[in-house]
Amino acid sequence: MAALVESLEESAFAQYVATERKKDLLRLLTCGSVDDGKSTLIGRLLYDSRNVFEDQIHAAAKATRNRSAGALDLSLLTDGLRAEREQGITIDVAYRYFATARRKFIIADTPGHEQYTRNMATGASTADLAIVLIDARLGVLPQSRRHASICSLLGIPRCVVAINKMDLAGYDAQVFEKIRLEFSEALGKLGIREAVFLPISALTGDNVVRRSGRMPWFEGPSLLEHLETVPIRRTAAHTEFRMPVQLVLRPDHSFRGYAGTIASGRIRAGDVVTALPTRLKSRVKRIAALEGDFEEAFAPMAVTLELEDQLDISRGDLLYSGEARAPHATERFEAQIIWMDARPLDPAKRYILKHTARTVSARVSMRQRMNIETLGDESAHTLAMNEIGLAEVAASKPLFFDPYRLNRMTGSFILIDPESNATSGAGMMRALAERRDAGPVSPAERVARWGHRGAVIRTSTMDLALALERALFDRGCAAAVVESEQSARALERAGMLALRTSEGTRDGATGEILSDLEQEGILHARHLGSRGEGI
Amino acid sequence: MVYTQCVPELSHLQLLEAESMHILREVASEFQRPVLLYSIGKDSSCLVRLAQKAFYPGPIPFPLLHVDTSYKFREMIEFRDFYTRQMGVRLIVHTNRKALEDGAQPFAIGTQRCCGLLKTQALLDAIREGGFDAAMGGARRDEERSRAKERIYSFRDAHGQWDPKNQRPELWNIFNNRIESAESIRIFPLSNWTELDVWHYIHVEKIPIVPLYFAKERPMLVRGETLIPVEQPFIPMLDGEQPKMVRCRMRSLGCSPCTGAIRSDADTVPKIIEELIAARRSERENRVIDHDQDGSMEMKKREGYF
Ligand SMILES: Nc1nc2c(ncn2[C@@H]2O[C@H](COP(=O)(O)OP(=O)(O)O)[C@@H](O)[C@H]2O)c(=O)[nH]1
Ligand SMILES: [Mg+2]
């Protein structure tokens, strides 16, 4: 019996365990406009790499109604919900798991329809790589740009642009080239510089798993070859130790441990850590684990740290090391926001903000919205569903964070509407001083000088604008009516209040508007002429 | 440089373990009355191990709930009682007695209705009676197409129902735990594990599992490809049909009348893994209950089935 087990261990199982140990994990998502072929592509990847079970193929074949897709509609392998099969579209992210000899993959198949963009963001938030699909016949669509911009915002380190349905474009090199040029330019604007472009046909399988003989002009790898070999770069690029405390474990009087997931860096027994908000320091006594204490632990392990000193630490605190680049600890910061709720963002509302293990309330004042057509910014005070923009956030308590581009885990939050409990928005943080227009004078200094933030206040009539100018002046604010958008923006940058008339904007009594401005965090409540203080 | 990679890479399995522990800790921190749905199967066993790790050196801070249809395999119940006692966890067992007294039984009322009463209804009742606001389960996204779409935190309305068209976005590892009273959240810490990952973990962690997973000679009704276990007296036999001893095992566990076995020689975890690597058919296929109609799992889930 023992001999039998041994011989077995050397066989397929031993091989499996050995290769398995070496395999790493690539999380990716497919995105792009509806009908670009995302679901079909994933079905093709799974099918051609022999990762589909027979009964799943039979079930898909039974349900194949779309005869134009051939004997088997591969999109049915991922489109799992009844409504999806009935409408032939994908409404929610489906996760698929497959492995090759080299790597394990988790693929999120995300919906193309604009109304389901929130589900696309769900899939994108944890991805290491994005595949943006483009239909070769249709070229770059608004949704291609929107998805690329979400991928860029969410900091997905790698991007593959798969130009699909090459079979319907005669496998023509020029079609591919033209789209490549156009989309490269858009990606450049979004700060994505390393995109890899591949011509494929998800339906016929050209260049998906195997290189295609039909496109001899293309010398690159097949999609799967690329996915198997591209180096994985996780976005916790930060090397400093960070661990938000999830819970304090106190099974008895002799043990007090801080449990949490390491967001970045590594930690060893004996290392000094600092706790926020107290800024008290202690040494790591042990890293406790069921299987025996660890000497060392690193991101993204879930660990329990015991410290040498009894510090007052609770859920939501942050343990870190490395003073050179300490985390920010402040209640005001900037964030790129993706809005995911049918109710537009309300600048006067207090949202519930969840960040690491901390839950606070927060007001969100929008500054700019991204225009999906031009990929440029325009000024905005709110966001509608699926819009993206830059905001200033004022939280009820300080948050301990790193800029999102350095640390996905400590730099991200979600916003919950306290009335509906919906997850309304997602935010990617950065410190106020990091603003693009950061110059010799910081926004905080300007606020200290004027006693209010810079803003463009839009009113429906000139009379109202003039009345507001007087009222604001009387309160000690720096405000002026201006004619052009350009001068408005200049005043705003200088930290002053620019008044402008345009349609469909603020209306009502000056008193009401003033209290709205307080609610939005533009004016400080009942502030009266504290000019020059606090510099 | 900021962008240099200085931390070692974790293996695939270590990444999954860390993610699951993170989820279990969130649940324990943020809900008033969480409960772990314990189905006695291999996935539940993994979940219990992960919970032990997440709260070590403390105890698992929530009870386990087993919804017992009374038609589970005898070996499952034995294992359940042994394992939970050994772990020192609190076990709650709930059974829909009323339905059983009224004769609920798959061959009398059909598999669908029987599941509806003894599993779905029983689960909803147990959650309501226990006042649980969060119920964790071992479901994985690779099990079935509608599961592939489900969030890790899966919101259920006051009737325990899932609305697949209206799921909350779920970004990074930040979870929305907000609910009104009577609403609840189902939580799936193993969402990103595959069947093979679970077996691999059982192997490296030496996690105890029900012996039914291992191949052995067992009495079965052989109907074509299907092997039906004969533990319950009410299994209707065809004319002249006799149970035969077949070397087989269970790929997933459920109620004995509705869980098909597979022919197999795999009597150790390594052999099961070998068998799976070669397998061309999915895990749920031999679960008789899933055959009723296309998309049937989604229907059950909408109605509140775990
Ligand atoms: N001719 C051709 N048709 C394709 C290709 N890829 C997808 N399709 C078809 O395009 C339609 C939309 O595909 P689907 O995968 O559902 O797109 P999704 O909305 O992006 O997921 C289906 O009818 C597919 O059969 C391709 O490479 N060539
Ligand atoms: Mg699709």
Which parts of the range A:483-512 would a label at A:Asp474 reach, counting a residue when its backbone N lies under 13 Å from a point 7 Å out along Cα-to-Cβ?
A:510-512
Check: chain B dipole with +1 on Lys, Arg Cβ and -1 on Asp, Glu Cβ, in debye:
220
Rounded to the nearest 100 Å², the accessible area hidden between A and B, summed over both chains at a 1.4 Å probe radius, is 7800
So for the pair A:Glu512, A:Ser254, with labels modelled 7 Å out along Cα→Cβ, what separation do we get in nm?
6.8
Where both partners of a DSSP beta bridge lie in chain A, what percent of those bridges are antiparallel, to the nearest 5?
70
Treat chain A as a sphere of radius equal to its Kirkwood radius over Cα pairs and apply Stokes-Einstein at 10 °C in a medium of 1.306 mPa s; give the translational diffusion coefficient in µm²/s, rounded to a whole number.
60
Under the rule a/c < 1.5 gives rounded, and otherwise a/b versus b/c splits prolate from oblate, where does the range A:209-350 land using the Cα gyration tensor?
oblate
Got a number for carbon plus sulfur as a percent of the range B:94-250's accessible area, 1.4 Å probe?
50
1.4 Å probe accessible area per residue over the range A:165-239, in Å²:
49
Given 20 °C, 1.002 mPa s and a Kirkwood radius over Cα pairs, the Stokes-Einstein diffusion coefficient of the range A:158-197 in µm²/s is 200
Distance check, please: which entries in A:Lys38/B:Lys72; A:Lys23/B:Lys206; A:Lys104/B:Lys42 exceed 30 angstrom between their Cα atoms?
A:Lys38/B:Lys72
Against the longest alpha carbon principal axis of chain A, how many degrees, from 0 to 90 and to the nearest 10, is the axis of helix A:173-189 turned?
30
Dipole size in debye (nearest 20) for the range B:118-237 around its Cα centre, Lys and Arg Cβ +1, Asp and Glu Cβ -1?
160
The range B:153-198: which GluC sites (Glu not before Pro) are DSSP loop and have at most 10 other beta-carbon atoms within 10 angstrom?
B:Glu180
Point-to-point label distance, A:Arg350-A:Val34, nm (Cα→Cβ direction, 7 Å offset)
4.0
From the residues B:Gln105, B:Gly138, B:Leu196, which one has its Cα farthest along the dipole of chain B in the positive direction, the dipole being from +1 and -1 charges on Cβ of Lys/Arg and Asp/Glu about the Cα centre?
B:Gln105
Between B:Ala108 and B:Glu129, Cβ-based FRET efficiency (R0 25 Å, step 0.05) works out to 0.45
Under 5 Å from the placed amide H of B:Tyr38, counting only residues 5+ away or on other chains, we find B:Leu65, B:His66, B:Val67
Assigning unit charges at the beta carbon (Lys, Arg +1; Asp, Glu -1) and nothing else, what dipole magnitude in debye, to the nearest 20, does the protein assembly as shown show about its Cα centre?
640
Please calculate the 1.4 Å probe accessible area of B:Leu13, with all protein chains present, and give it to the nearest 10 Å².
20
Over the C-alpha atoms of the range A:401-500, what are the Rg and the largest Cα-to-Cα span, Dmax, in Å?
17.4, 48
Charge-dipole axis of the protein assembly as shown as Lys and Arg at +1 and Asp and Glu at -1 on Cβ define it, positive-most pick from A:Ala59, A:Thr19, A:Tyr116:
A:Thr19
Expected field for B:Asp43, accessible surface area in Å² at 1.4 Å probe radius, rounded to 10, holds 30
Out of the chymotrypsin sites (Phe, Trp or Tyr not before Pro) in the range B:137-242, which ones are loop residues according to DSSP with at most 14 other C-beta atoms within 10 Å?
B:Phe234
Could you calculate the FRET efficiency of A:Leu72 with B:Lys165 from 1/(1 + (r/R0)^6), where r is the beta carbon distance between them and R0 is 30 Å, rounded to 0.05?
0.70
Using 1/(1 + (r/R0)^6) with R0 = 60 angstrom and r between the beta carbons of A:Lys285 and A:Leu138, what's the FRET efficiency to the nearest 0.05?
0.45
Please arrange B:Lys42, A:Lys165, A:Lys281 by accessible surface area, largest first, computed with a 1.4 Å probe and ligands excluded.
A:Lys281, A:Lys165, B:Lys42
With N residues in chain B, what two-decimal value do you get for its Cα radius of gyration over 2.2 N^0.38 Å?
1.02
Of the heavy-atom accessible surface of the range A:121-199 (probe 1.4 angstrom), what whole percent is carbon and sulfur?
50
Of all GluC sites (Glu not before Pro) in the range A:302-384, which ones are in loop regions per DSSP and have a Cβ with at most 16 other Cβ atoms within 10 Å?
A:Glu308, A:Glu373
Using a Gaussian network for chain B with springs between C-alpha atoms less than 10 Å apart, which of these wobbles most: B:Arg128, B:Arg97, B:Arg223?
B:Arg223
Roughly what % antiparallel, to the nearest 5, for the DSSP beta bridges in the range A:93-161?
60
Distance in nm between pseudo-label sites at B:Val222 and B:Ala158 (7 Å out along the Cβ direction from Cα)
5.6
At what distance in angstrom do the alpha carbon centres of the range B:113-165 and the range B:86-103 lie from each other?
17
Diffusion constant of the range A:304-411 at 10 °C, which comes from Stokes-Einstein with the Kirkwood Cα-pair radius and 1.306 mPa s, µm²/s
101
Report Rg(Cα)/(2.2 N^0.38 Å) for the range B:17-148, keeping two decimals.
1.10
Who wins for biggest fluctuation among B:Asp133, B:Asp102, B:Asp267 in a Gaussian network model of chain B, springs between alpha carbons below 10 Å?
B:Asp102
Quick one: of the DSSP bridges fully inside the range A:132-265, what percent are antiparallel, nearest 5?
35
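The values are calculated or read from the model by the stated rules, or taken from the named source; none is laboratory data. A quick note: this is a predicted structure, and the numbers were derived from the prediction, not measured. Backbone-built Cβ (ideal geometry, glycine too); neighbour counts: all protein chains shown. When the accessible area is computed, the model is the full protein with side chains, heavy atoms only, and any ligands, DNA or RNA have been set aside. Shrake-Rupley method; radii C 1.70, N 1.55, O 1.52, S 1.80 Å.
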